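Participant: Attaching a single structure in structure tokens format; questions to follow.
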Amino acid sequence: MKISPADVHHVALLARLALTPEEEASMTTTLDAILTYVEKLNALDTSGVEPTAHIVDLETPWREDRVTSEPAAEALMANAPARDGNLFRVPKIIE
């Protein structure tokens, strides 16, 4: 067994999970199976395999950085309770 019930209980406390004893037992079995499988994967020789982020070689699409819909200042300021030109006027909050 790679993980003990005490480990599961400790992690549940850290994660603030209220697990019943049955849930802790089930989680112990599940996590043990996962860790056993990861141990099998660690046994594989991956020295000749390059690290990848995706299985398929993808290129990042680039586009020209330009404004496509410039906002109208008057439309944005239409509902402002107080304004000073194209600026919102707000009450002073620092004394």
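Each value in this text was obtained by applying a stated rule to the coordinates, not by laboratory testing. From a predicted model like this one, the values you see are computed outputs, not experimental measurements.
Participant: With everything on Cα atoms, drop me the angle between helix 5-14 and the longest principal axis of the chain, reported from 0 to 90° to the nearest 10.
Facilitator: So the helix axis and the longest Cα principal axis differ by about 10 degrees.
Participant: Can I ask one more? Output the 0 to 90 degree angle, nearest 10, between the alpha-carbon long axis of helix 21-42 and the longest principal axis computed from the alpha carbons of the chain.
Facilitator: 90 degrees
Participant: Another question, then. What's the extension gain from Ile34 to Asp7 if we count 0.36 nm per residue and subtract their Cα-Cα distance?
Facilitator: 8.3 nm
Participant: Which three lengths, in whole Å and largest first, does the chain cover when its Cα atoms are put on their principal axes?
Facilitator: For the chain, the Cα spread along each principal axis is 71, 44, 26 Å.
Participant: On to the next question. From the helices alone, meaning DSSP H stretches of at least four residues, give me the mean residue ellipticity at 222 nm for the chain, per-run term -39500 (n - 2.57), in deg cm²/dmol to the nearest 500.
Facilitator: Taken over the chain, the calculation gives -12000 deg cm²/dmol.
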